[in-house]
Amino acid sequence: MAVADPPDANVDPTQLTGVFASNPDGWVTAQIGEFPAAISQGPNEHEAWLNVLDAYHDLTHEPTATERLIYRAQAEAGRTRDAILGLAAELLPAAERARRAISEALGRQGRDRVH
């Protein structure tokens, strides 16, 4: 994973400068003045700031072995989920056709009987 160089090592993370811009959709874009690569947005300045701090962390943090394992598991789970959903999408139409055929057959059964 590529990690960006953080701003000057002498910069205190609690003293980072937030740069905010209002968007036409009502959301707010936040950027860290000392580290312009960290940019995010939120429905208000507070949420945008929290999101840009997460972006800053993601850009400057080298994941631990445990974090890499978790990311890998999440990616695999996503692929498994997508495969299951794809299979379900293929099988559901056939299941619906079978249900209709059974329903029709049961409906005819009562009409075709001779007492």
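Return a yes/no flag: does segment 87-107 have any residue that is part of a helix (DSSP H, G or I), touching a strand residue (DSSP E or B) at 6+ places or on another chain (Cβ under 7 Å) and either of a type outside the set (A, V, I, L, M) or under 30 Å from THR29 (Cβ atoms) (or both). Checked segment 87-107: no residue is part of a helix (DSSP H, G or I), touching a strand residue (DSSP E or B) at 6+ places or on another chain (Cβ under 7 Å) and either of a type outside the set (A, V, I, L, M) or under 30 Å from THR29 (Cβ atoms) (or both).
Screening GLU45, GLU34, GLU96 for residues that are farther than 27 Å from VAL19 by Cα and modelled with pLDDT of 85 or more leaves exactly one candidate, GLU96. The number of residues in segment 30-53 that are assigned to a helix (DSSP H, G or I) and surrounded by 12 or more Cβ atoms within 10 Å (Cβ to Cβ) comes to 8. Remark: pairs (first residue in segment 58-85, assigned by TED's automatic domain parsing to the domain that holds GLN31; second residue of a type in the set (Val, Ile, Thr) and assigned to a helix (DSSP H, G or I); Cβ separation under 7 Å; 6+ apart in sequence or on different chains) are absent.
The values are calculated or read from the model by the stated rules, or taken from the named source; none is laboratory data. Everything numeric in this text was worked out from a predicted model, so none of it was measured. Note: ideal-geometry Cβ built from the backbone for every residue, glycine included; neighbour counts use all protein chains shown.
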